1. Taking the convex hull of the alpha carbon atoms in region 242-340, what volume per residue do you get, in Å³?
2. How much of the calculated P(r) for the chain lies past 49 Å, in percent of all Cα pairs?
3. Under the rule of at least 5 residues apart or a separate chain, name every residue whose amide H is placed under 5 Å from the amide H of residue 382.
4. What is the helix-to-structure angle for 53-65, meaning the angle in degrees between its Cα long axis and the longest Cα principal axis of the chain, kept from 0 to 90 and rounded to the nearest 10?
5. Using +1 at the Cβ of each Lys and Arg and -1 at the Cβ of each Asp and Glu in the chain, identify which of 248, 292, 373 lies farthest towards the dipole's positive end.
6. With a cut-off of at most 16 other beta carbons within 10 Å, and DSSP calling the residue loop, which trypsin sites (Lys or Arg not before Pro) in region 133-195 qualify? Please list them.
7. Can you give me the % of accessible surface on the chain that is carbon or sulfur? Probe 1.4 Å, all protein chains present, nothing else counted.
8. Treating only the Cβ of Lys, Arg, Asp and Glu as charged (+1, +1, -1, -1), what charge dipole size does the chain show about its Cα centre? Round to the nearest 20 debye.
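The values are calculated or read from the model by the stated rules, or taken from the named source; none is laboratory data. Quick caveat, the model's predicted, so the values are computed rather than measured. All Cβ positions, even for glycine, are placed from backbone atoms using ideal geometry, and neighbour counts span all protein chains on display. Note: accessible area is taken over every heavy atom of the protein model, side chains too, but ligands, DNA and RNA are not part of it. Shrake-Rupley method; radii C 1.70, N 1.55, O 1.52, S 1.80 Å.
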Amino acid sequence: MRTHPSPPTAPGSAPALNRRDLLRAGLLATPVVAAGLVWSPSSAPAQAATASTQAKAAAASTQAQAAPSGPVTSVLEHGAGPDRTGAQNATAFADAVAAVAEQGGGTVDFSDLPLAFDGALHMPPNVSARGGGIITFGDGAKWIYGSGHDSTSYASSVRGIRFTRSLASSDGLSIPKDSVFLQLEGCRDLTISGCAFHGAEVAISQPAAPALPNHANSMIVISGNHFSEVDYAWKASRHQKSKWGVNSDSVFSDNIVNHAYVTHVHCDSIDGVTVTGNVFFFPGHEESKASGPSRIRDKLHNVFIGESNWVHVHDNNCFEAGADAIRLEDARTANVTGNNIAWPGQVTPADGIAVTGNRAGETLKLVVASNQITFHTRHAVSVTGPAQAVGLGPDTVFFLADPPTYFGTVDLGSDDDHHRYFVDDSVSVLPTIASGASIRPGESDRLPSITGTGLTSFTVLGALGATAAASTTADFSSGATTATFSCQSTARGTTAYGGLVVVTARRHAADGSPAATYLLLVSKAPAPGGAATIESAVLVSAAGCTDGSTSEHPSFTWTLAGDRLVATAFGSTRGAGFRFDAVATGDLLLS
């Protein structure tokens with residue numbers, strides 16, 4: 001990975017601040033008042049009162065295991081108490097934050113006390129926050145980390161806090177526009193763990209700012225949290241004038257998002273990210289049948305990552321995406337492994353995993369493996385754009401022509417419109433596929449035409465070994481000769497190659513038509529001393545309808561000429577549309 005430039009503000013070097021200084025500098029954007037939103041046991045939102053047991057357990061576990069950063073200051077020391085209002089406790093919290101910053105850093109603890117914010121609190125560096133209580137936010141309230149124009153090392157954490165807003169409903173329709181809980185705008189080295197977030201357009205936001213340098217938002221760890229009633233759990237944006245690496249080296253792990261309405265994890269661009277061990281829920285497809293207002297058609301991706309490098313997306317449970325479940329655009333280096341992807345593409349035909357290579361610079365290196373993908377409505381995995389190396393599989397996929405989870409208006413087409421692996425012609429390399437092609441409808445492989453349009457699968461076994469499969473059709477008059485498959489080495493050369501080929505010939509593509517199977521030893525080798533190159537296709541064995549007794553029999557003899565495997569009709573064999581399916585093993589690639 002890269003070496004990060006030193007941030008302008010080093011840990012422990014923050015200037016001494018008190019609450020009056022914070023107010024004078026505008027660090028408290030509005031007074032910490034909660035008019036109409038004062039928290040009390042009777043008025044607390046039901047959603048917050050019944051916060052997820054997973055989030056509580058995660059918070060308790062995190063607090064038990066994590067040592068506080070520096071000395072711990074209680075809000076009780078600054079006037080907070082169980083008999084005070086949420087707004088009064090919030091004021092005490094702000095005072096405690098200023099005091100801790102003035103003494104050089106530490107942790108502010110508010111235990112189980114309720115707090116209520118109705119403004120923006122700018123958090124100083126080296127000040128951590130922890131507590132098991134509920135913080136109620138007004139529509140425009142948020143905590144801000146960073147100045148928006150440079151990068152600051154925070155070396156701090158937010159642990160075990162329940163952030164919430166009072167919402168009129170739990171259907172996504174009452175989430176305040178532009179609402180945020182934590183806003184990072186030039187923040188490095190911040191851990192957010194064991195918290196619960198309920199009621200925000202973006203729970204954790206890294207907004208676009210043109211002045212931010214590369215790696216301005218970096219080393220952000222978001223782990224073990226619970227999110228509900230959010231459009232986005234984590235959204236890292238990029239201004240059109242920003243460098244693509246403005247966000248970098250961050251982790252989103254072991255979180256539960258139940259649920260988001262647009263996208264769970266969204267990064268416009270990021271230089272290094274790991275998304276692992278999460279559970280992502282959208283509103284279920286059954287809601288599409290319900291009457292009344294609904295946001296069911298707003299849902300997009302479980303994970304979306306724009307221009308990027310060093311991406312790891314693994315071991316996530318990704319449920320019911322409206323579009324591609326995992327989508328990477330302009331990717332350079334990416335691993336997508338071990339994910340369970342259920343029922344993607346519910347709103348529009350889409351893929352379980354869709355990856356597009358970077359077109360402006362370093363081309364794609366990609367591994368997609370060990371994923372389970374069920375009910376893709378376009379392809380299980382698609383790869384588009386320039387690439388240097390692509391490894392696919394093994395993955396387990398299951399296609400259904402008319403899945404009960406799809407409620408879009410676009411017709412899904414025929415089985416031939418869907419694939420296990422779809423690799424576009426714009427991909428400039430032949431992908432390595434670690435398992436043979438599936439025979440089930442909607443699960444065939446479509447590989448790039450760089451070696452010929454007939455190639456259906458390709459698996460590297462070693463430096464000089466592979467298995468390759470290809471299919472074609474041909475017409476024959478009586479005794480006619482027709483080239484069927486092109487031959488080359490696995491390195492895509494034609495100087496020398498060789499392997500064992502099994503050809504199944506059928507009168508028609510449909511099952512049950514007359515068939516014959518041919519086992520051929522195919523070889524091309526330069527002769528010593530400058531003699532002519534030796535090309536040969538030796539018949540090892542044949543079975544089935546090989547005697548040419550009727551025109552319907554697929555009976556042929558075989559030769560190798562000009563790097564083409566040539567079939568000659570034998571006996572009475574003739575007609576249009578003979579189908580050939582071949583599998584080669586060795587240093588031999590058919591297409």
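1. Per residue, the Cα convex hull of region 242-340 comes to 87 Å³.
2. Tail of P(r) above 49 Å: 28 percent of Cα pairs.
3. Answer set, sorted by chain and number: 353, 354, 355, 422.
4. 70 degrees
5. 248
6. Those that pass, being in a loop and sparsely packed, are 177.
7. Summing carbon and sulfur atoms, their accessible area is 54 percent of the total for the chain.
8. 560 debye
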